[in-house]
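Engineer: Please see the structure below; I have some questions.
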Amino acid sequence: MKAQVIALVTAGVSLLSAVAQNQTGRLSIDFDKPGVKVSPLLYGIFFEEINRAGDGGIYAEMIQNRSFEDNVDVPVAWKTENATASLDKGTPLNPNNPTSLRVEAQAGGGVANVGFLGGGPRWNMREWQKDYLPKQPAKIAVETGKDYDLSLYARAQGSISLIATLKGADGKVLASKKIKGLGNGWKNFSVSLTPSATDANASLMVSSETAGTFWLDMVSLFPQDTWKGRKNGLRADLMEKLVAMKPTFVRFPGGCFVEGHQIENRVQWKNTIGDIAERPGHLNRNWGYYSTDGLGQHEYLQMCEDLEAAPVFVINCGMGHRDGGMYAVPMNEMQPFVQDALDAIEYANGPATSKWGALRAKNGHPKPFNLKMIEIGNENGGPDYHERYALIHDAIKAKYPDMQLIANEPVPNRTPDMVDPHHYGDFESFLSQVTRYDSYDRSAPKVYFGEYAQTEDAGNGTLQAALGEAAFMTGLERNGDVVAMASYAPLLCNPEWRGWNPNAILFNQHEVYGTPSYWVQAMFANNRSDQILPTELDAPVSAPSVIEGKVGVGTWNTHAEFKDFKVVKDGQTLFESDFSKGLEGWQTPRGKWSTADGVLRQTSDENATLAMVGDASWRDYTITLKARKLSGAEGFLITFGAPNDSRRSWWNLGGWGNIAHGVESSGLNGARTDGKIEIGRWYDIKIEIYGTKVSCYLDGQLVHTVMREPLRTTAAVAGRDLNTGETILKFINASANPQTITLELRGGKPGKIKGRAIVLTSKNARDENSFAKPERIVPREESFAVDAPNFTRTFPANSVTILRWK
Ligand code: AHR
């Protein structure tokens, strides 16, 4: 989805790091005038089935492709040993689970599962299975002395017995159990395996004692020590990471996962409850793997309860992707979507005597789960959304008037309880939004900032990304009366299955670490103030960076044509297109570009296509061109100030599902007006880029003038913990220089202050944690003692500091 801000930053960063050393400043905290109360729900988490966050992640199942539905061609993640194996739809285990594995084995031969091995060319599973899998170590991690529960369904020709074996990386048997009593029909068998050694690269082999043919389905292996020992439960080490974030709510299950790559393959909660052998699962095409839905609605609600966090369930609003565009279910076909929402509430909260409440009780939870918040849609917008939102809003409010409803954007004619903006962008874009909610209309719906993260130039999670996010979060907390909730995204990632970058928590089959962004989330949530104390920060500000770089054209899910593309500087032509010469002079890193009849044509359905020209040092120029939409979801992306093809600023015409025009670039965000691009019409486009200023014209009309503002690389928020009586100051120094700040505690009494300082920092803003160095950047705690009411403290370069004192 297009929440990502593509931005221009390099000039800015070098400017920021070029400023003088030993900077000084002043911060006053006003104890006499306590400010707004901070929402107790402010810091929560957003869990999406992305990057194998669930299946192969926090969901403790150890077998990949346990029900053989992952791929229609090959038994992905299963190897044969002295046997042949094929997918078989002949005698299904049940109608929801049509495929099983047929194994013809020699005596002692069988099949082995390698766990959640990823990587390799996953877009072609045949190739992955044939070439990649045999060369890779398996990924089932077992620990000596622990018990692992194996459950499988099997049937056989004649009477044969199976042997279930946990094998170490070197092929040695770690644990083995015999499975007797197979017959013609499907039977369920359960055994417990206790490995004799710890091995992170074990595999599970199911073999036949004698030569013969047998079938397998729903082969499931779970550690007994799941989080809180729950059956079909969650991985304890990953849950501990979430517990340490002290989340007050959990938004689930997506994200794009809710919308589906095509609306048909959206997640449907009713398919995610009950016996796992009866759950059909579905293709999670957005993020490139099959979802077993073993971590389903009930397990999510249980997870929230175990975390003592409020559930925030996101429902599909009748919109999703289809054929490269945004599809809205016709209004007269919306009833099932409305009913799904109402039934989800009954499942969570209804009495055990109600239809769906009874099912919840049958699934092991007679008491209600206390669901109080529903988000209607994910990143949907525009008139189609407003109509569908209103329908679902009215139906829910009529039956459950107290249910808090979250909309993806403000909706005319209805007042949602909250709106959920998202922001992905670069460092500067976070610094420039520190004050975003200072002037927010206090009578407007409250804000749930449901997704944010530095995605541009953020490595796999740099300290710099965490610093920008932390600065932004000071603004959320300072406005904790209107910003009711916020969550970083995405939460979890197995790097072998990375569908999005960066993420808060990285894990493999046996290790886990938090990125600096994770630690910022944990630091803020563990040190939340109940009430704000007003602050005034007087610290160095960096000059705004001049806009510099290449220029170009592109589209988002749209086919379009461009012509008469010209770049002029001081009356001199820097570039003029001549498409009769084909693509000469153009780079076309993304999209399907061709020329014909003097025009440049883009005919791929990809997002963020790009054809570009020019030089990274170009500045102070005017771009003119003509553009025509041929088909698709949106309009045009006119690139400027791009140092390279992955760091670009653009004027987005007909963006956000063809409802608005906006400039997307750091320091320039916020320039957005309603607007749409029609098919078949040639538009005249002009963009003037001079210094830090951008002016955009459509058909001769000025649409936006925006300017980069100076950027502050320090940010602070102070408040009180009303339980402990402590003052909590969060100070972010996102610059490369130490900042010596004089703190003035206005209204504070003279005397000694003793407290704790929690500091997250590293030498270089680009430093990251990794599996090899998981604790390179983690918060360190120290005590401090100073004389009130005025004292100085030097905040290290690249640091987040939390001071707590009584
Ligand atoms: O957080 C990753 C993705 O970003 C989510 O699925 C979607 O909501 C957004 O576009």
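We did not get these values from a lab; they are worked out from the coordinates using the rules stated. Bear in mind that the values here come from a model prediction, so they are computed numbers and not experimental data. Cβ coordinates were reconstructed from backbone atoms using ideal geometry, including for glycine residues, and neighbour counts include every protein chain displayed.
Engineer: Using each residue's phi in region 225-242, evaluate 6.51 cos²θ - 1.76 cosθ + 1.60 at θ = phi - 60° and report the 3J(HN,Hα) Karplus result to the nearest Hz, with x for Gly and Pro.
Structural biologist: Coupling constants for region 225-242: 8, 6, 4, 6, x, 6, 5, 6, x, 10, 5, 5, 5, 6, 5, 4, 5, 6 Hz.
Engineer: In addition: Remind me, relative contact order of region 105-234 in percent, using alpha carbon pairs under 8 angstrom and six or more residues apart?
Structural biologist: Computed over region 105-234, the figure is 37 percent.
Engineer: Now a separate question. Using the per-residue mean of other Cβ atoms lying within 10 Å as a proxy for protection, in what order, highest first, do the peptides 744-750, 136-142 fall?
Structural biologist: Going by the mean number of other Cβ atoms within 10 Å, highest first, we get 136-142, 744-750.
Engineer: Next question, about the same structure. Starting with the highest mean, order 223-229, 287-293, 78-84 by the number of other Cβ atoms within 10 Å, averaged over the residues of each peptide.
Structural biologist: 287-293, 78-84, 223-229
Engineer: Sort 617, 67, 646 so the one with the fewest other Cβ atoms within 10 Å of its own Cβ comes first.
Structural biologist: Ascending number of Cβ neighbours within 10 Å: 617, 646, 67.
Engineer: Whole-Hz ³J(HN,Hα) for each residue in region 681-694, computed from phi via Karplus 6.51 cos²θ - 1.76 cosθ + 1.60 with θ = phi - 60°, x for glycine and proline: what do you get?
Structural biologist: Per residue, the Karplus-derived 3J(HN,Hα) values read 9, 7, 10, 8, 10, 9, 10, 9, 10, 10, x, 9, 10, 10 Hz.
Engineer: If amide H atoms are built 1.01 Å from N in the plane of the peptide, which residues on other chains or at least 5 residues away come under 5 Å of the amide H of residue 312?
Structural biologist: 250, 251, 252
Engineer: Looking only at the chain, where both bridge partners belong to it, what percent of the DSSP beta bridges are antiparallel (to the nearest 5)?
Structural biologist: Around 80 percent of the beta bridges assigned by DSSP in the chain are antiparallel ones.
Engineer: Then there's this: Short version: ³J(HN,Hα) in whole Hz for each residue of region 579-584, in order, from phi by Karplus 6.51 cos²θ - 1.76 cosθ + 1.60 (θ = phi - 60°), x for Gly and Pro, what are they?
Structural biologist: Coupling constants for region 579-584: 6, 5, 9, x, 8, 3 Hz.
Engineer: Follow-up question, since we're still on this one. Please tell me the relative contact order of region 611-765 in percent, rounded to the nearest whole number, where contacts are Cα pairs under 8 Å and at least six residues apart.
Structural biologist: Once normalised by length, the contact order is 16 percent.
Engineer: For a quick check: sort 300, 697, 43 by the number of other beta carbons within 10 angstrom, fewest at the front. Before the final figure, lay out the partial values.
Structural biologist: Numbers: 300 21, 697 18, 43 28.
The order, fewest Cβ neighbours first, is 697, 300, 43.
Engineer: Based on the Kirkwood radius over alpha-carbon pairs, what value in µm²/s does the Stokes-Einstein equation return for the translational diffusion coefficient of region 90-226 at 20 °C and 1.002 mPa s? Let's see the in-between values first.
Structural biologist: Details: Rh = 15.7 Å.
It diffuses with D of about 137 µm²/s by this estimate.
Engineer: Which cross-chain or sequence-distant (5 or more) residues have an amide H under 5 Å from the amide H of residue 38, H modelled 1.01 Å from N in plane?
Structural biologist: 531, 532
Engineer: Relative contact order for the chain: what is it in percent, counting Cα pairs under 8 Å that are at least 6 residues apart?
Structural biologist: 15
Engineer: Going by how many other Cβ atoms sit within 10 Å of their own, how do 577, 159, 665, 443 line up, fewest first?
Structural biologist: 443, 159, 577, 665
Engineer: Using only the C-alpha atoms of the chain, find the volume of their convex hull and express it per residue in Å³.
Structural biologist: Values: hull volume 138.7 nm³, N = 806.
That works out to 172 Å³ per residue.
Engineer: Right, here's the next one. Taking 0.36 nm per residue of separation and subtracting the Cα-Cα distance, what length does fully extending residue 210 through residue 620 add?
Structural biologist: Net length gain for the segment: 139.7 nm.
Engineer: Would you pull out the residues with amide H under 5 Å of residue 327's amide H, same chain only if 5 or more places away, H placed 1.01 Å from N?
Structural biologist: Amide H neighbours of residue 327: 320, 321, 322.
Engineer: Write out the GluC sites (Glu not before Pro) in region 622-683 meeting two conditions: DSSP loop, and at most 13 other Cβ atoms within 10 Å of their Cβ.
Structural biologist: Answer in residue order: 678.
Engineer: Now a separate question. On a full-extension model of 0.36 nm per residue, what is the gain between residue 570 and residue 398, subtracting their alpha-carbon distance, rounded to one decimal in nm? Each step should come with its number before you reach the end.
Structural biologist: On the way: separation 172, 0.36 × 172 = 61.92 nm, distance 6.26 nm.
Taking residue 570 through residue 398 to full extension adds about 55.7 nm, to one decimal.
Engineer: Charges only on Cβ, +1 for Lys and Arg, -1 for Asp and Glu: so what's the dipole of the chain about the Cα centre, in debye to the nearest 20? Write out the running numbers ahead of the final one.
Structural biologist: Numbers: 85 positive and 92 negative charges, 242 e Å.
Dipole magnitude for the chain comes out near 1160 debye.
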